[in-house]
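As structure tokens, the structure follows; a few thoughts come after it.
The values are calculated or read from the model by the stated rules, or taken from the named source; none is laboratory data. In this text the structure is predicted, and so the values were computed from the model without any measurement. A quick note on method: Cβ atoms are made from the backbone with ideal geometry, for glycine too, and the neighbour counts reach across all protein chains shown. Accessible surface is based on the protein model in full, side chains and every heavy atom, while ligands, DNA and RNA are left aside. Shrake-Rupley method; radii C 1.70, N 1.55, O 1.52, S 1.80 Å.
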Amino acid sequence: MTQMVVALGANLTEPAAFISSAFDELALRFTLVKRSSVYRSRPVGGPDQPDYLNAVAIIDSPDSPSDVLRVLHEIENSAGRERTVRWGPRTLDLDLIAAENFQSEDPECLIPHPRAHERAFVLLPWAEIDPDAELSGYGPIAELVKSIDVTGVERL
Ligand code: PH2
Ligand code: MG
Ligand code: MG
């Protein structure tokens, strides 16, 4: 079994419902080890768009990170996810942030996620459920949280 960190994001239609059913779906497809609170966050990058709801899940799976990523994409697609504008608004975004003892430079499956170290909407919920976690290549997430701007991210 490999423990993996998944970031959830949604900012269209009914974001709270999409985040909640995504947690249910993660629990069906994997072992859901921990789930964070939901956070409201101002959009980072992309076009003018609504605020996001974000959260983080820790899952356990016997499958490879790239197989897990495929399942995450299936869950996004069944939430009606459309891929038009990069960093544009979305019904559901599920990003694989990190996997225990695993790194990948495969452009289809970059692990750790190349922007996780600078994203408060990922690091704050992750630190809530695993304060001692380390992001490989970047160090303890508790230190990263201290080095970034966390304004605009609010725990609900
Ligand atoms: N996701 C993005 C781009 N910008 N901003 C916030 N606050 N939350 C997100 O999940 C998010 C974003 C691309 O995946
Ligand atoms: Mg994303
Ligand atoms: Mg994504």
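For every residue, the table says whether it meets (1) under 13 Å from the mean Cα position of the chain (by Cα); (2) on the phi > 0 side of the Ramachandran plot; (3) open to solvent by 40 Å² or more (accessible area, probe 1.4 Å).
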position: 27; (1), (2), (3): no, no, yes
position: 42; (1), (2), (3): no, no, yes
position: 46; (1), (2), (3): no, yes, yes
position: 49; (1), (2), (3): no, no, no
position: 100; (1), (2), (3): no, no, yes
position: 104; (1), (2), (3): no, no, no
position: 108; (1), (2), (3): no, no, yes
position: 122; (1), (2), (3): yes, no, no
position: 134; (1), (2), (3): no, no, yes
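Which one is nearest to ligand 1 (Cβ to nearest atom) among residues in segment 13-24 that are open to solvent by 60 Å² or more (accessible area, probe 1.4 Å) and not hydroxyl-bearing (Ser, Thr, Tyr)?
Among those residues, the one meeting the criterion is 16.
Scan segment 94-107 and give yes if some residue there is modelled with pLDDT under 95 and of a type in the set (A, V, I, L, M, F, W, C), otherwise no.
Within segment 94-107, one or more residues are modelled with pLDDT under 95 and of a type in the set (A, V, I, L, M, F, W, C).
Being within 13 Å of ligand 3 (Cβ to nearest atom), assigned to a strand (DSSP E or B) and closer than 11 Å to residue 9 by Cα is the filter here, so list the residues in segment 39-96 that pass it.
52, 54, 93, 94, 95
Name the residue, out of 81, 35, that is over 20 Å from residue 111 (Cβ atoms), buried (at least 17 other Cβ atoms within 10 Å of the Cβ), of a type outside the set (Ser, Thr, Tyr) and more than 16 Å from ligand 2 (Cβ to nearest atom).
Testing whether each residue is over 20 Å from residue 111 (Cβ atoms), buried (at least 17 other Cβ atoms within 10 Å of the Cβ), of a type outside the set (Ser, Thr, Tyr) and more than 16 Å from ligand 2 (Cβ to nearest atom) leaves just 35.
Basic (Lys, Arg) and within 17 Å of residue 4 (Cβ to Cβ) - does that describe any residue in segment 63-76?
Yes, the conditions are met somewhere in segment 63-76.
Yes or no: segment 137-149 includes at least one residue that is within 13 Å of ligand 1 (Cβ to nearest atom) and open to solvent by less than 20 Å² (accessible area, probe 1.4 Å).
no
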